[in-house]
1. Could I have the simple spin-label model distance between residue A:86 and residue A:284, label points 7 Å from Cα toward Cβ, reported in nm to one decimal?
2. Considering chain A, what Rg and Dmax in Å follow from its alpha-carbon atoms?
3. Under a GNM of chain A (C-alpha, springs under 10 Å), which listed residue has the highest mean-square fluctuation: A:51, A:376, A:130?
4. Given labels modelled 7 Å from the Cα in the Cβ direction, how far is it in nm from residue A:168 to residue B:131?
5. Please report B:202, B:106 as a ranked list, fewest other C-beta atoms within 10 angstrom at the top and most at the bottom.
6. Let me confirm one metric for peptide B:370-383, namely the mean number of other chain beta-carbon atoms within 10 Å of its residues' beta-carbons.
7. Could you pull the Cα extents of segment B:142-214 along its three principal axes, largest to smallest, in whole Å?
8. Using 0.36 nm per residue, how much length does the chain from residue A:63 to residue A:402 gain when fully extended, once their Cα-Cα distance is taken away?
């Protein structure tokens, strides 16, 4: 992973300004044997110009052959080896929806589900219940009182919610109750380690889950709950400490705000923003206040997960068309990449190295690339590199690192 | 870093002969967006032929994005991970000027400086006083007697000197007295850890520094001293042990001799040598006595630090023109590289990967390269690799490593 001791020792508080653009699931595959990928297909004159002037490379998000979820993929890109820093989904979701989670609090991701009269899960997603209908059930869950602790529940989206428990002596070492398949009962709340604190927390969550099932009776399709990803604040090293960066996150989806908050970025209010152009407009608005802005585009991934090659291409083109808004800010370093690959061909995240474009006119080394695309990236000047090295490169090109040794 | 346990296990005492040429700060950048680097600009028919026949690559001196000083950069190239082996500048300077430093002795780098009547540093380099004038002050410092220890002082160059303290129970865990900026008083000698040995060494160096200031009074511009890089012999694994190499160093500048001595190379007397051709002549003279010769060319870096693109180009051309002297020796392996990049455009060391040429006619894999240059190296057969892997490659191509396992 990024060597945080080295970073703390070498990072300067002054230097160039960095823009990191992440198109979620950017990397792709050709749909036909001799075809082009989504990125290679997209008409991207702005990114192609940056690629010609700057350096390309390809990142390995976790390890070769490992397909990451979005949480670990972003942590990696932010400099934290996701194998070393394994972070429960609960904390990411909780922070994403704006719940406060301190070290010692326990957050879990929840699903509304449908259970039959025998308690068997018949639909893990409660028929993908609409957000407003799910919100009615969240209101019911909020009525549950557990003596000795405070419990907060918040809707995430559709059937997904987050629950946070706060109090003295809690443990997050609990196993998921989500059986991951239909046709089974939910698992009981169970300890992942044997100690009094964990045993006590098991009993508290048991009470809460029992009460939830009781109160949701008759509220089909959402008449049950499944919990997973129990976690607390992992106390990650923060950007202002390790990188000496005053950093901001412009992201629309909750999880990305969560992981950005964990590394110490300031989360910018993005309510109402939808298009890449609108997100870039927000970046422009806050640009003067930060050394580093991370901007996240979600729908490249969403389209690819649905196998929508052309829609992913079109979205990349929209990002490219909006890019002048960013370039007008005169950033010293622009890095454009994805958190992982999501080839429309596979309809899922994948392990393929992710295209990376580094443009830093004062310091970049041009390579042979004529355009931004997977094949050019695989042979770029930056080579293939672990994602967790990207931030060190960004800082170097922003002239924000002192020399190591005499 | 190079796996020394593996090396000890596999290295043979016999095999081919290796020549390692380091042009300090070799890597560069184009001065204009579509331009060529220093190395790409230089007319280097000999190196281009070797590049065509052999393999190119690019080394990462420390970690991606990290700019090394020359000490750590050379250690890395010699196979020692510079992050693991952090070595004080004092020991490198002391060995470089021929002072003996054993484990337990303490060496520090010194600057002559100018202080005003209030003890404020007004010039950290004493007006870059000439070497012969500085030598007069060194003679004054040599008169200082500190009871219980022996102190040796030697001039390095201009305002730079080295001081070595020898005696029972000394500690090198001392903080720099150099405030690094003008307008401040020198820092007092201070301990970096709390123990009686360090406390005693603080008092001994305090006495020496106080006495130095007294005796230099009136000797403006060099009327004070600043110390930094307190260090002792770190007892590095030696080349004859780990690599089974009888190795020699042909370098003109003291620091490079210092780091070579630390890894167990024999330091060749280079007094009076100035040009690359003269250094190569010395290599030819000693060639038959060694398995491995490291030759260091300094001025590629010096010119680049001054922003002198054309002079750096010209020096690379001089090296190329002199190269037949080396090739006539029929080395089995020739490696040509830099310790780090120093682009004239940046006028400083940088983090960019460093061009590497490997020529070993019996074993090398040719790639597509037509000439020796950054872009060809970034896409060469050796890929991008940590500098500390270079020695393993050199040994392999010299057929000096046994097979690992049956």
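Laboratory data are not the source of any read-out in this text; all were calculated from the coordinates shown. Since this is a predicted model, take the numbers as computed values, not measurements. FYI the Cβ positions are ideal-geometry reconstructions off the backbone, even for glycines, and counts take in every protein chain you see.
1. Label at residue A:86, label at residue A:284, 4.5 nm between them.
2. Considering chain A through its Cα atoms, Rg and Dmax are 22.2, 73 Å.
3. Among A:51, A:376, A:130, the largest GNM mean-square fluctuation belongs to A:130.
4. 7.4
5. Neighbour counts put them in this order, fewest first: B:202, B:106.
6. Other-chain Cβ atoms within 10 Å of each residue's Cβ, averaged: 2.
7. Projected onto its principal axes, the Cα set of segment B:142-214 covers 32, 26, 21 Å.
8. Difference between extended and current length: 119.2 nm.
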